[in-house]
There are 2 protein chains.
Amino acid sequence: MNKLAYIDDVQTRINDYLGKKLESLAINDEKLLDAMRYGLLIGGKRMRPYLAYITGATLDAEQGDIDGVAAAIECIHAYSLLHDDLPAMDDDDLRRGQPTCHKAFDEATAILAGDSLQTLAFDIIANHDFSKAVDAKRINLLRYLVNAAGYQGMCGGQALDLAATGQAITLAELENLHSLKTGALLEASVKMAAECSNQATTFDKEQLALYAKLMGLAYQVRDDIIDITSTEEELGKPAGSDLAANKSTYPALLGLQGAQEKAENLYQQALQALATLPYNTQSLSDFATFIVSRKN
Amino acid sequence: MNKLAYIDDVQTRINDYLGKKLESLAINDEKLLDAMRYGLLIGGKRMRPYLAYITGATLDAEQGDIDGVAAAIECIHAYSLLHDDLPAMDDDDLRRGQPTCHKAFDEATAILAGDSLQTLAFDIIANHDFSKAVDAKRINLLRYLVNAAGYQGMCGGQALDLAATGQAITLAELENLHSLKTGALLEASVKMAAECSNQATTFDKEQLALYAKLMGLAYQVRDDIIDITSTEEELGKPAGSDLAANKSTYPALLGLQGAQEKAENLYQQALQALATLPYNTQSLSDFATFIVSRKN
């Protein structure tokens with residue numbers, strides 16, 4: 001599978017939503033707004049929004065509700081990239097084949113743009129025009145996002161990742177790190193989209209969360225594999241950067257073949273979780289297939 | 001006026017709340033949690049919580065509700081200090097007489113601790129044990145906090161402040177900058193505390209917001225005056241740092257006497273706003289008096 005069905009539609013839809021949201025902001029510092037736009041709208045595969053939209057479609061949620069969920073999650077993801085790329089963190093000059101935000105602007109602006117994008121995520125949860133049924137569940141959406149974004153989730157994972165650089169860590173520690181750093185936001189994409197559905201039972205939500213957790217790990221295992229098997233042109237950033245940065249990876253712990261088996265194993269478990277659900281989960285299983293076979 | 005009534009009680013109460021909130025977090029990266037604790041609990045005058053508590057008391061709001069409001073606002077304030085002190089921003093080594101977070105830890109940890117404290121603010125809005133009446137208004141509190149924290153508020157002001165460094169700006173531009181950078185969060189302290197009251201009318205809330213806006217500006221004018229008239233010992237950081245950083249200040253634009261008159265004028269306007277209210281506003285006017293006469 002080389003391309004996800006409707007991915008172009010999702011990208012157009014979410015970029016349109018985010019672009020309009022940025023345009024709606026009062027004019028304060030234009031450079032800061034430009035940097036936010038740069039961080040949010042230049043490139044980006046929109047995997048998290050895609051996962052939210054297909055989960056929503058699977059559970060018959062309203063697409064207008066998923067817009068808010070997908071946009072908020074993408075703001076958190078975009079802010080994390082601006083900060084992770086900073087010289088004090090991963091010190092990356094390129095992202096999606098373009099200069100990173102602190103290179104295109106400056107460090108102070110990249111820090112502030114990230115800070116502002118985090119707030120914007122919560123702004124969207126607070127102010128998106130949700131349907132009446134989901135409006136009543138706004139606080140639930142907020143709780144999911146909070147758990148995925150902060151110390152309990154993504155930031156905690158990034159801190160563990162920084163601490164693990166140059167250290168020998170176990171497979172369990174690596175999994176915990178990625179469950180937080182990458183998995184939490186992917187899980188939130190599914191959980192928040194499911195929250196927008198009136199059909200999903202507690203059991204359904206648990207199985208979907210399990211699917212998302214497994215796919216989050218598979219996504220990271222595949223990422224580690226790609227980093228050592230792809231070219232800079234395919235990646236849009238230097239290949240082998242994990243190795244250069246002395247980062248713990250699945251191939252480093254398991255070998256390349258072991259890592260590939262790990263990804264396959266996670267993939268099969270994710271499909272099993274989907275198989276328990278009384279819905280047509282074809283798009284979710286296609287997404288899983290895409291994740292474990294993607295080249296960049 | 002040298003000391004605010006009950007300020008010690010407020011500091012003890014809010015520090016206790018914040019300390020317990022941090023303790024309740026799952027154990028992920030302990031260094032990150034230590035840095036969050038450092039940024040949140042080492043020193044801090046707690047002016048914003050104080051303003052929230054006295055506004056709440058004036059309007060007969062429940063103190064347990066104000067705990068959540070005050071803690072969330074203080075998390076936003078603390079995160080902004082961690083990021084503003086970074087080398088790429090104001091490059092400060094000392095804060096409240098102690099090493100800044102990136103000096104006590106490292107830059108990456110200070111960035112992540114700031115990011116996590118921002119999320120923690122929204123966590124508190126999402127999960128604080130509000131009374132039933134305020135629980136129903138959680139989204140209103142979220143909206144106030146979002147407006148005060150991000151591009152529309154504090155971050156926008158910090159960006160304007162960075163852009164203004166070394167530039168000639170007008171008094172109107174300086175006021176706009178500070179209304180966003182410092183004023184927005186002080187205003188939110190009052191607005192969110194008023195939202196916790198069942199008594200306050202729309203008119204009352206408008207007058208209180210005006211009071212807060214004026215005091216926010218007075219606070220900053222006084223800050224600029226203190227920076228050139230106090231000693232390093234009084235400030236807990238080097239005196240004259242605005243001048244050294246080539247920052248636009250009220251004394252620079254108006255002269256020292258002009259700045260003192262400006263602070264007095266804002267103070268009188270704030271008292272006039274309070275005089276329109278049908279409550280005992282003594283603690284709010286005392287706070288105003290304290291702000292324009294404080295030495296550090």
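Worth pointing out:
- Only Lys, Arg (+1) and Asp, Glu (-1) charged, at Cβ; the protein assembly as shown dipole about Cα centre in debye: 960
- Helix-derived mean residue ellipticity, 222 nm - over the protein assembly as shown, DSSP H n ≥ 4, -39500 (n - 2.57), to 500: -22500 deg cm²/dmol
- Taking a straight line from the alpha carbon of residue B:132, these aspartates and glutamates sit under 17 Å away, with near neighbours fewer than eight places off in the same chain left out: B:60, B:62, B:65, B:67, B:195.
- Calculated FRET efficiency for the pair residue A:199/residue B:168, C-beta based, R₀ 51 Å, to 0.05: 0.25
- 10 Å Cβ neighbours from other chains, averaged over peptide A:21-34: 4
- At 7 Å out from Cα toward Cβ: residue B:6 inter-copy label distances (nm, ascending): 5.5
- Protection-proxy order for peptides B:247-255, B:213-221, A:82-90, each taking the mean of Cβ atoms within 10 Å per residue, highest first: B:213-221, A:82-90, B:247-255
- Across segment A:7-293, the mean sequence separation of Cα contacts (distance under 8 Å, 6 or more residues apart), normalised by length, yields a relative contact order of 19 percent.
- With R₀ fixed at 25 Å, the C-beta to C-beta distance from residue B:228 to residue B:42 puts the FRET efficiency at about 0.45.
- Computed over segment A:1-117: relative contact order in percent, which uses C-alpha pairs under 8 Å that are six or more apart: 28
- Calculated label separations, residue A:205, copies of the chain, 7 Å along the beta-carbon direction, nm: 3.0
- Residues in segment A:131-155 reached by a label modelled at residue B:129 [backbone nitrogen below 20 Å; 7 Å Cα→Cβ]: A:140, A:143
- Note that the protein assembly as shown shows a convex hull volume over its alpha carbon atoms of 137 Å³ per residue.
- Pseudo-label separations to other copies for residue A:30 - Cα-to-Cβ vector, 7 Å, nm: 5.1
- One quarter of the convex hull surface built on the alpha carbon atoms of segment B:7-293 amounts to 13.9 nm², the projected area averaged over directions.
- Kyte-Doolittle mean at least 0.0 and Cα axial length at least 30 Å: DSSP H helices in chain B: B:63-84, B:202-229
A short reminder: the numbers here are calculations on the coordinates, not readings from a lab. Since this is a predicted model, take the numbers as computed values, not measurements. Using ideal geometry, Cβ is built from the backbone for each residue, glycine included, and neighbour counts are taken over all protein chains shown.
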